[in-house]
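The values are calculated or read from the model by the stated rules, or taken from the named source; none is laboratory data. The model shown is predicted, which means the values in this text are computed figures rather than measured ones. Positions of Cβ are backbone-derived with ideal geometry, glycine not excepted, and every protein chain shown enters the neighbour counts.
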Amino acid sequence: MLVETTTLSIADGQPAISHIEAAIDAGCHAVTANKGPVAFAYRRLRDRATAAGVSFLFEGAVMDGVPVFNLVREAMPGVTIQGFRGVVNSTTNHILTALENGEPFAPALARMQAEGIAEADASLDIDGWDAAAKTAALANVLMDAEITPHLVDRMGIGPESGLAAQDARRRGHRLRLVVAASRNRDGVRATVQPVELPADDLLSGLRGTANALVLQTDLLGEVAIHQLGGGLTATAYALLSDLITIRRRAGAASSAEKGGSDRS
């Protein structure tokens with residue numbers, strides 16, 4: 001079994017993709033918290049793992065330990081995800097919350113770096129690349145898209161966002177970095193951009209490092225997943241939950257084989 005936790009390469013998802021391919025080819029299950037493999041090569045890795053009879057899991061790639069992929073895979077059979085929108089980058093949400101309260105940009109970013117929440121290269125957060133990678137991952141897995149972060153229409157935040165955040169708050173609104181995806185005639189269109197939201201919008205109420213994802217479905221309407229706070233422990237839990245999933249699958253397969261043997 002491989003547990004893969006290299007940092008995100010926004011250029012091509014490497015070397016994480018090669019690590020996972022090597023594991024699969026060696027007959028190992030692969031678990032990762034790196035969003036790169038799912039954002040750049042999900043379909044290829046999924047099919048390769050299926051052919052090899054191993055698991056490729058990545059619950060920690062988007063919202064720390066919140067079960068986004070597990071929820072859809074295990075608890076929503078037969079449901080089609082038609083689109084989604086959400087706030088999925090803790091660093092930028094913390095910064096925007098600080099900016100609307102009048103705090104300068106640099107100290108807010110420094111706090112996220114000190115707590116280990118910001119990416120190793122913080123420009124991935126503030127320029128919207130981390131959110132774009134998560135958007136591509138969500139679209140590829142939940143909507144059967146085949147996009148990369150470079151195909152996501154992306155806009156990040158910066159010190160100049162402070163005035164926009166404060167102006168929005170004076171009007172009773174909130175500025176948030178919103179990811180979204182929807183289907184059109186050409187496939188799936190995905191975006192990352194600062195959006196001014198009304199006070200009664202679920203995403204408007206997110207403060208600090210809180211995240212949320214709203215899934216738009218054909219049978220259940222809108223389903224929201226809300227994370228009040230994230231961090232390294234939550235990401236570590238996501239890796240653990242994937243390991244437990246693999247163990248459960250192995251146990252189920254063993255029981256099925258034993259049952260078949262008993263019947264024969």
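Numerical summary
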{"quantity": "Qualifying residue in the range 197-204 (condition: in contact (Cβ under 8 Å) with a residue 60 or more places away in the chain, farther than 30 Å from Ile17 by Cβ and touching a Lys or Arg at 6+ places or on another chain (Cβ under 6 Å))", "calculated": "yes"}
{"quantity": "Looking only at the range 73-122, and only at residues there that are over 15 Å from Pro194 (Cα atoms) and among the charged types (D, E, K, R), the one that is modelled with the lowest pLDDT", "calculated": "Glu119"}
{"quantity": "The one condition in (1) under 14 Å from Ala180 (Cβ atoms); (2) in a helix (DSSP H, G or I); (3) over 16 Å from the mean Cα position of the chain (by Cα) that Gln82 fails to fulfil", "calculated": "(2)"}
{"quantity": "Any hit, the range 99-107, residues being assigned to a helix (DSSP H, G or I), buried (at least 21 other Cβ atoms within 10 Å of the Cβ), in contact (Cβ under 8 Å) with a residue 24 or more places away in the chain and over 14 Å from the mean Cα position of the chain (by Cα)", "calculated": "yes"}
{"quantity": "The one condition in (1) buried (at least 20 other Cβ atoms within 10 Å of the Cβ); (2) out of contact with any helix residue (DSSP H, G or I) (no Cβ under 8 Å at 6 or more places or on another chain) that Asp47 fails to fulfil", "calculated": "(1)"}
{"quantity": "Residue match in the range 131-146 (condition: more than 14 Å from the chain's Cα centre (by Cα), outside the structural domain of Gly36 (by TED's automatic domain parsing) and not in a loop (DSSP other than H, G, I, E, B))", "calculated": "no"}
